[in-house]
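To keep things clear, I will list the structure first and then write my remarks on it.
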Amino acid sequence: MGEVHGAIVRAGGEIVAMETYAMHPDHSVRDITVAVDAETDVPPVEAALDELQGVKRLETLDRTFLAHVGGKIATHLKVPVVDRADLSVVYTPGVARVCEAIRDRRDRAFEFTIRKNTVAVVSDGSAVLGLGNIGPEAAMPVMEGKAMLFKRFADVDAFPVCLATQDVDEIVETVERIAPSFGGINLEDISSPRCFEIEDRLRKRLNIPVFHDDQHGTAVVMLAGLINALKIVNKRMEDVSVVMAGVGAAGVACTKILLAAGVGHIVGVDRVGIIERGRHYDNPVKQWYADNTNFENRRGTLDDAIRGADVFIGVSGPGILTVDHVRRMGRDPIVFAMANPIPEILPEVAAGHVRVMATGRSDYPNQINNVLCFPGMFRGALDVRARDINEEMKQAAAIAIAGCVPEEQLSEQYIIPSPFDPNVVPAVSAAVQRAAVKTGVAALPARVPLDDEPMYSEI
């Protein structure tokens, strides 16, 4: 153990705890907790231990892995079961009366079961974070994390449902069959263009909200940030020109919400160049894009699209935007470089050339983070038992998020509130409830006073 301790210290670590798991005549098994300054210090410690004679390193788990041991979520009882009387209430024979009440009026399931406050987080593992198609088992840690955020920020019970299929028909059928157990469906990390068809078909078949967060959550928070960024540069939504880099799920959703908010000039760019107006595309998503954007019919590449643009929104890949690109933008350029983990241009590279900068990362100011949207969105939708999440509800959520940054505090470094701002979820929930009631998709009255607050497109 003296040699082990010395090797760890020389490699830059410090032993802070040790526990013996087993003692045998010829060896012992110990769990040693080592503190290091950074993740990059871990491999040298591992190498130092591996070089020791008579020492076998079984496994290295860091804080992140330890947080995932056994999963990150669990169920708990809301009603005690300590004696026969309790048992007869929560199970047989008492439960039969509740079942009959729901049989006679099925909407009572929202009153007498978990359905009232429960969301399914559904993924096929085909487009997980920046990892790509890693499958349903590997997607589970992300979906568990999403369920945690639902509970932490909005007290919504959520459960991960990772499906062992990437067939559109099978996903739609599976979600439709499990829907009676849930009050809403949050689609997550499903690749484009399949995600569009899956969401569209489920929205038509189900009478509960279906929300693909990679699309609409990103779009809502992006619009919130842009509302405030335009205040700083003193420009109007209907006057600005936008370049959208990436026309997958997030790019299309961002485009649709911008069009609804009054932006008139958007040019989309994918891997092969500008999406041209009037051109035929076999991909129906790109065909929609060609029919509804690029009214000047620009052609070429990002170099051609960026000329004179007021806003760049990136949901594509790392490093595609250069300083030269930014210099060719219009006055006081706004850049939302949201590719993760490496944005289209790093803030330190763009510094001095961009007026307002946002990314998808938490280590820079102005993070475009979906957690600002989906907890409050579902909280509001569940509270009024909405049967859908429509464009008006998304716009209302964006305005509410933007409004959480006080006007007197608004600056280039502060256009988006923190996910931990306690005002965000209540504000988004209230706005969503009002919009749901006004647009006729709510089965229950709003829990907040209604007002004449307009959608952004009406301002």
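The values are calculated or read from the model by the stated rules, or taken from the named source; none is laboratory data. All values reported here derive from a predicted model rather than from experimental measurement. In this analysis, Cβ positions are derived from the backbone assuming ideal geometry, glycine residues included, and neighbour counts consider all displayed protein chains. Protein only, heavy atoms only, side chains kept; ligands, DNA and RNA dropped before computing areas. Shrake-Rupley method; radii C 1.70, N 1.55, O 1.52, S 1.80 Å.
Odds and ends about this structure:
- Pairs of alpha carbons in region 179-310 whose separation is greater than 20 Å (percent): 49 percent
- Calculated FRET efficiency, ARG307 to ASP363, Cβ-Cβ distance, R0 = 35 Å: about 0.65 to the nearest 0.05.
- Computed [θ] at 222 nm, deg cm²/dmol, the chain (DSSP H ≥ 4; -39,500 (n - 2.57); rounded to nearest 500): -11500 deg cm²/dmol
- Volume per residue of the convex hull around the Cα atoms, evaluated for region 276-412, comes out as 155 Å³.
- Contour minus Cα-Cα distance for ARG236 and LEU66 (0.36 nm per residue): 56.4 nm
- Label corresponding to P(r) over Cα pairs in 10 Å bins from 0, in percent when calculated from the structure given, among (i) 4, 13, 14, 10, 8, 7, 5, 5, 6, 7, 8, 7, 4, 2, 0, 0; (ii) 4, 18, 25, 23, 15, 10, 4, 1, 0; (iii) 4, 20, 30, 29, 15, 2, 0: (ii)
- Label-to-label distance for ARG106 and TYR414 is 5.0 nm, based on points extended 7 Å past Cα in the beta-carbon direction.
- For the chain, the relative contact order comes to 11 percent (Cα pairs under 8 Å, sequence separation of at least 6).
- Within region 235-378: Cβ-based charge dipole about Cα centre, in debye rounded to nearest 20 (Lys, Arg +1; Asp, Glu -1): 140 debye
- Charge tally for PRO341 (other residues, Cβ to Cβ under 13 Å; Lys, Arg +1; Asp, Glu -1): -1.
- Between GLU197 and LYS56, full extension at 0.36 nm per residue minus the direct alpha carbon distance yields a gain of 45.6 nm.
- Cα-centre dipole for region 248-299 with unit charges at Cβ (Lys and Arg positive, Asp and Glu negative), debye to 20: 80 debye
- Cα-based reach from LYS286 at 15 Å (exclusive), listing aspartates and glutamates while leaving out same-chain residues under 8 positions away: GLU197, ASP270, GLU276
- Share antiparallel - DSSP beta bridges, the chain, percent rounded to 5: 30 percent
- Report note on the peptides 220-230, 67-77, 84-94, 123-133: ranked by the mean count of other C-beta atoms within 10 Å, highest first, their order is 220-230, 123-133, 84-94, 67-77.
- Distance (nanometres) between label positions extended 7 Å along Cα→Cβ at ARG10 and THR33: 2.7 nm
- Using the Cβ of SER181 as centre and a radius below 14 Å, the other residues enclosed give a net charge of +2, where K and R count +1 and D and E count -1.
- Contact order, relative form, for region 1-139: 11 percent (alpha carbon pairs under 8 Å, 6 or more residues apart, mean separation divided by residue count).
- Efficiency of FRET between MET23 and VAL79 - r from beta-carbon atoms, R0 56 angstrom, step 0.05: 0.80
- For the pair ILE114 and ALA351, label points projected 7 Å from Cα toward Cβ lie 4.8 nm apart.
- Per-peptide average of other Cβ atoms within 10 Å, ordering 330-339, 275-284 highest first: 330-339, 275-284
- Region 63-110: proportion of alpha-carbon pairs further apart than 16 angstrom, %: 62 percent
- The chain - percent of accessible surface contributed by carbon and sulfur, probe 1.4 Å: 52 percent
- Per-peptide packing, taken as the mean over residues of other Cβ atoms within 10 Å, places 14-23, 244-253, 302-311 in the sequence 244-253, 302-311, 14-23 from highest down.
- Looking at region 294-433 alone, DSSP beta bridges between its own residues are antiparallel in about 10 percent of cases.
- Excluding ligands, DNA and RNA, the accessible surface per residue across region 371-423 is 35 Å² with a 1.4 Å probe.
- For the chain, complete DSSP H runs whose alpha carbons reach 24 Å or more along their own long axis and whose mean Kyte-Doolittle score is 0.0 or higher are 136-154, 213-233.
- Additional length obtainable on full extension of the chain from VAL90 to ASP169, 0.36 nm per residue less Cα span: 24.7 nm
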